[in-house]
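The structure appears right after this line, and notes come after that.
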2 protein chains.
Amino acid sequence: MSEPSAPEMRWWGWGSDDRASALPEHAEALLRAELQTDGRRRAPVALEQLTLAPSRLKGAGRDVLARALGSDGVREDRLARVIHAAGKSYPDLVRVRSGQMTGAPDGVLYPSTPEQVQAVLTACAEARIAVVPFGGGTSVVGGVDPAAGEHSAVVALDLRGLAVLVSVDVDSLTAVVQAGMRGPALERELARWGLTLGHFPQSFEYVSVGGCVATRSAGQASTGYGRIDELVLGLRCCCPSGEIALPARPASAAGPDLRQLVVGSEGVLGVITEVSLRLHRRPETRRYEGLFFRSFTEGAQAFRHAVQEDLAPDIARLSDESETRLSLALAGREGLKARLGETYLGARGYAGGCLAIVGWEGTEADVDRRRAGALALLTRHGALRLGASPGHSWAESRFAGPYLRDELLDRRIMADTLETAAQWSDIEALHAAVASALKESLGERGTPPLVMCHISHLYESGASLYFTILARQEPEAEIEQWQAAKRAASEAIVARTATITHHHGIGRDHVPWLEAETGPVGLAALRAAKQALDPAGIMNPGKLLG
Amino acid sequence: MSEPSAPEMRWWGWGSDDRASALPEHAEALLRAELQTDGRRRAPVALEQLTLAPSRLKGAGRDVLARALGSDGVREDRLARVIHAAGKSYPDLVRVRSGQMTGAPDGVLYPSTPEQVQAVLTACAEARIAVVPFGGGTSVVGGVDPAAGEHSAVVALDLRGLAVLVSVDVDSLTAVVQAGMRGPALERELARWGLTLGHFPQSFEYVSVGGCVATRSAGQASTGYGRIDELVLGLRCCCPSGEIALPARPASAAGPDLRQLVVGSEGVLGVITEVSLRLHRRPETRRYEGLFFRSFTEGAQAFRHAVQEDLAPDIARLSDESETRLSLALAGREGLKARLGETYLGARGYAGGCLAIVGWEGTEADVDRRRAGALALLTRHGALRLGASPGHSWAESRFAGPYLRDELLDRRIMADTLETAAQWSDIEALHAAVASALKESLGERGTPPLVMCHISHLYESGASLYFTILARQEPEAEIEQWQAAKRAASEAIVARTATITHHHGIGRDHVPWLEAETGPVGLAALRAAKQALDPAGIMNPGKLLG
């Protein structure tokens, strides 16, 4: 089977051509003023202009792979190689749009069973071919960068052929799902059983289940449904040294949790082929709405009280002053800004404050009850209720960020996001430190940025911070510019012992800061586990463990 | 500092002499009839009758340890060695009561700082002395068995000197606690801050925080407060190759979760010295009460609906028919049986049914709300409400099991417990399979047992089963008898891919079944991590990884 149906993204950006979004005119004008861009555009180069190095798959290696997968299962054509040449990080897109295809994989493999995956890994370990597992290809941290490492060739292992809902256990609210299944397909299948996984990262439309698990992802509703690491009850992972198969178990005290060694392993230990997931009943209703707080501090305190009193909404986002200002401005005359009116907010003492989106999903009765409790608490802690309209706006554009980024890159605007998490007692200081680091590092280069942030997930002990950075691109130095900002933000994060990533993963881009997270001894333990599972070091070279 | 104050258990059983419980006369008569015992007693041998092998600590090893800890920090006297010679498993107690002290450690170390722990491990790795971390000493699976493995000597590392509440973060509801702190001391300290950990295993009175974390324990209220693995946000673990220090983080996507590699590591990777824990506000009120179901099946279904509709009580125990019958009979004329009356239950169709204990903890308002919702659901699914009295009885005796076991051993009755967990769809079949295995294996030996079981923890996807086994001891073959029952039950558990342990841990006794849980490849990864952290293999030989 070569390429079963799964949505194919355009190679140079997000989505497909028919789903492209357009930047509204007033937004373009606003950004031009704020970022001092000149409005010139730069389109990606054409596919036929790309120069690809010849495939380095040699006769013997190619033969053994074709034996494992059939000749349809191994592709070396231009389009397959280009599509698998990069993920969707900002530096990936900068390189790809400019036609830098030096890193394309030598071939692309399309297995359709876990057994074929195992056979491929055995073959590649023998032939010393590096393997990059490829799910939805949505990594924003270089997680599918096709690096050969010390090997002579590298292949992408595309998991779209493993896309079956294997079984559903309605009594236990669990399902077994093949790793290549995409988010929307899984939700469609589960809907027939009256169930949902409830996992909706911004990349939902393209993301694969296995990719979510391998990168320890969180979705927009994870405050309610739980992070993917809380939803994985079992899994199968093919490693070069053999398969780890852990059946679904609700809980166990049988030693260290092996599931949590594979979850987040980003393809460097093996290929996740199947996952047992905890599900929820499909919600009867979804209620999203807007709140306003006088300040980020006030909103954060209110959210803290809510989650610590077991009244957290399922979706809880709190924009800081900067993100709120830009959101309102971009919404424009027809949008929230017009409806709210600055006089409305000003008269109530909320001018210059912060927008929050809160949402509940579940049965009508459950949503009514939880929403009433939460809104009572949040208003007690300063929230001004804005009604359903901001919630609808958010829901309509909840997956729009990556489309918008393509539009910004077209306009020579650097657009990136980064995220972290910390205890409540450190949230404000961390917010200030990262924002300062970004502003200073980009300001010094003459490209002062817009730095925006929101709290995106709540925990009893803390919260995540999600930053968006926009700046005029530095011509001919786009990557260096990005690196400087990335380095500054990352150093600020680890200096406060916050996590280098709350849900994007380590990939290639966060490797320099993993040791700050694990310490040298912890890192040595992870490397030892890798050595046992992947003695030839063929799995996803350069990611996670460096 | 030699031996800071921490409760010392009697060496041959549970608790201290002044806390000994007595078996009521009618209970003794009942058990004699049910188990066909002859009433003869057998007391443990006297301390002075024990024969200990001379300590194998040699001059050089002893010197280096004394240098690290001061001479007060190293003890080789009889009492110290005897107290650390075993945990509290059934085979431990059988051996110890009969005076078999061959396995006593050669010495006992009392560090009082993490730095001393690190120094001791370095010294022991050089001197090739095995180290058994010792918290509360409450393991029921042989977890503190002082095995030297391939080394020339073995020391117990008693953590009672690391018993400080290091810091509390009231905003984040977290605390940093030294590993040797005991359960009651921690709750006392936290109460001053208006906080609780909410972790109450049956061993609560003696358990250490580090021991709970190292064994991945669950407490009686963990359905509400969460298992210890859900409460650990960070930790410090001294390994022979260096320290793993992971600060508290609410969540992270930075690769595999190293915390979950150390949690449950049972001292084979290193010594946990400090833990960052997620806390709850101290409850204003506690409400425990009794319910009755027509059958275990009915009760299990009701509990399943409760947890899947987010209405699980914080404490939820459902005894099967056998445990209910014996509980009511043991409660006697003054107890629940008399108050309920068989006619009362019979008239309502509940004769021969199952007792459940449910409990809520929190603010008055929160408990009222959650209790009302849960009781409405549970009665809709068949529950008969018995009021607060059975709840009080349970709460009064919630830590009594281990005291009672000493009384039973005195009367030559084998008394052991074992536990597992599975998905809801497999709970009944697992319950039947394990009970049958126990009855058959002990019946074949001419000692037909009483096998009782309760559901002790609820999860959306499944539940735990906690079995109690009572049988007349087989004279001169007590250990073989126990081994036969253990083997039969364990084989029945792994045959159904249920977990070999839900909260007791692997220790020494479950080692033969760990590979059924992890598979050979998973086990190889854990062994590789151990090799990296403990290259000389001095840490807790024979436990967990065998």
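The values are calculated or read from the model by the stated rules, or taken from the named source; none is laboratory data. Remember, predicted model here, so these are calculated numbers, not experimental data. With ideal geometry, Cβ positions are generated from the backbone for all residues, glycine too; neighbour counts draw on all protein chains shown. What goes into the accessible areas is simple: the full protein's heavy atoms, side chains included, and nothing from ligands, DNA or RNA. Shrake-Rupley method; radii C 1.70, N 1.55, O 1.52, S 1.80 Å.
Quick notes
- For the range A:92-111, a tally of residues being farther than 15 Å from A:THR51 by Cα and out of contact with any Lys or Arg (no Cβ under 9 Å at 6 or more places or on another chain) returns 3.
- Considering residues of the range A:151-168 that are in a strand (DSSP E or B) and in contact with a Phe, Trp or Tyr (Cβ under 8 Å, 6 or more places away or on another chain) only, the residue surrounded by the fewest Cβ atoms within 10 Å (Cβ to Cβ): A:VAL168
- Count of residues meeting criterion [β-branched (Val, Ile, Thr) and either free of Cβ contacts under 8 Å to residues at least 24 places away in the same chain or over 18 Å from B:THR138 (Cα atoms) (or both)] in the range B:92-115: 2
- Condition met for B:ALA60 (open to solvent by 40 Å² or more (accessible area, probe 1.4 Å) and outside any loop (DSSP other than H, G, I, E, B)): yes
- Of all the residues in the range B:414-447, those that are part of a helix (DSSP H, G or I) and within 14 Å of another protein chain (Cβ to nearest Cβ) number 7.
- Failed criterion for B:LEU233 (all others in (1) under 17 Å from the mean Cα position of the chain (by Cα); (2) farther than 22 Å from B:GLY161 by Cβ hold): (1)
- Those residues of the range A:448-464 which are in contact with a Lys or Arg (Cβ under 7 Å, 6 or more places away or on another chain), part of a loop (DSSP other than H, G, I, E, B) and within 14 Å of chain B (Cβ to nearest Cβ), in sequence order: A:GLU460, A:SER461
Let's see how each residue does on (1) touching a Lys or Arg at 6+ places or on another chain (Cβ under 7 Å); (2) within 24 Å of A:LEU514 (Cβ to Cβ); (3) open to solvent by less than 20 Å² (accessible area, probe 1.4 Å); (4) charged (D, E, K, R):
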residue	(1), (2), (3), (4)
B:SER208	yes, no, yes, no
B:SER222	no, no, yes, no
B:GLY226	no, no, yes, no
B:ASP229	yes, yes, no, yes
B:LEU235	yes, yes, yes, no
B:ASP257	no, yes, no, yes
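- Selected residue [farther than 20 Å from B:ARG325 by Cβ and buried (at least 19 other Cβ atoms within 10 Å of the Cβ)] from B:PRO390, B:PRO402: B:PRO402
- The residue that is surrounded by the fewest Cβ atoms within 10 Å (Cβ to Cβ), among those in the range B:1-31 that are farther than 17 Å from B:LEU79 by Cβ, within 25 Å of the chain's Cα centre (by Cα) and at pLDDT below 85, is B:ASP18.
- Against the test of being within 13 Å of chain B (Cβ to nearest Cβ), open to solvent by 10 Å² or more (accessible area, probe 1.4 Å), modelled with pLDDT of 95 or more and more than 30 Å from A:GLY537 (Cβ to Cβ), the options A:THR297, A:THR285 yield a single qualifying residue, A:THR297.
- Among residues that are surrounded by fewer than 17 Cβ atoms within 10 Å (Cβ to Cβ) and modelled with pLDDT under 95, A:GLY341 is included.
- Each residue in the range B:32-47 was checked for being within 21 Å of B:PRO146 (Cβ to Cβ) and outside any loop (DSSP other than H, G, I, E, B), and 1 pass.
- Number of the exception - B:TYR466 against (1) surrounded by fewer than 20 Cβ atoms within 10 Å (Cβ to Cβ); (2) in contact with an Asp or Glu (Cβ under 7 Å, 6 or more places away or on another chain); (3) without any contact (Cβ under 8 Å) to a residue 60 or more places away in the chain: (1)
- Hey, B:TYR403 more than 20 Å from B:GLY507 (Cα to Cα) and over 17 Å from the mean Cα position of the chain (by Cα) or not: no
- Residues considered: A:ALA329, A:ALA253, A:ALA312, A:ALA306. Of these, the only one that is open to solvent by 10 Å² or more (accessible area, probe 1.4 Å) and more than 24 Å from the chain's Cα centre (by Cα) is A:ALA329.
- Test: residue in the range A:362-383 that is at pLDDT 95 or above, under 29 Å from A:GLU25 (Cβ atoms) and of a type in the set (A, V, I, L, M, F, W, C): no
- Candidates are the residues of the range B:32-46 that are open to solvent by less than 50 Å² (accessible area, probe 1.4 Å) and touching a residue at least 12 places away in the same chain (Cβ under 8 Å); the one that is nearest to B:GLY443 (Cα to Cα) is B:LEU35.
- Residue, farthest from A:ARG398 (Cα to Cα), within the range A:223-271, restricted to residues that are hydroxyl-bearing (Ser, Thr, Tyr) and facing chain B (nearest Cβ under 9 Å): A:SER241
- Residues of the range B:353-379 that turn out to be under 11 Å from B:LEU311 (Cβ atoms) and in a helix (DSSP H, G or I), as a count: 10
- Residue among B:GLY519, B:GLY505 that alone is closer than 19 Å to A:PRO247 by Cα, under 19 Å from the mean Cα position of the chain (by Cα) and within 8 Å of another protein chain (Cβ to nearest Cβ): B:GLY505
- Only one of the listed residues (A:SER172, A:SER217) is within 11 Å of chain B (Cβ to nearest Cβ), in a loop (DSSP other than H, G, I, E, B), of a type in the set (Ser, Thr, Tyr) and closer than 22 Å to A:LEU261 by Cβ. That residue is A:SER217.
- Residue, farthest from A:GLY462 (Cα to Cα), within the range A:489-507, restricted to residues that are open to solvent by 10 Å² or more (accessible area, probe 1.4 Å) and of a type in the set (Val, Ile, Thr): A:VAL494
- Residue within the range A:150-167 that is within 20 Å of the chain's Cα centre (by Cα) and farther than 15 Å from A:GLY211 by Cα present: no
- Per-region count, the range B:524-546, residues more than 7 Å from chain A (Cβ to nearest Cβ) and open to solvent by 10 Å² or more (accessible area, probe 1.4 Å): 9
- Residue within the range B:406-413 that is part of a loop (DSSP other than H, G, I, E, B) and open to solvent by 30 Å² or more (accessible area, probe 1.4 Å) present: yes
- Of the residues making up the range A:127-141, just one is surrounded by fewer than 24 Cβ atoms within 10 Å (Cβ to Cβ) and either closer than 18 Å to A:LEU235 by Cα or in contact with a helix residue (DSSP H, G or I) (Cβ under 7 Å, 6 or more places away or on another chain) (or both), namely A:ALA127.
Per-residue answers, yes or no, for (1) over 26 Å from A:PHE467 (Cα atoms); (2) crowded, with 24+ Cβ neighbours inside 10 Å; (3) among the hydrophobic types (A, V, I, L, M, F, W, C); (4) over 24 Å from the mean Cα position of the chain (by Cα):
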| residue | (1), (2), (3), (4) |
| --- | --- |
| A:ALA185 | yes, no, yes, no |
| A:HIS199 | no, yes, no, no |
| A:GLU205 | no, no, no, no |
| A:THR215 | no, yes, no, no |
| A:ALA218 | no, yes, yes, no |
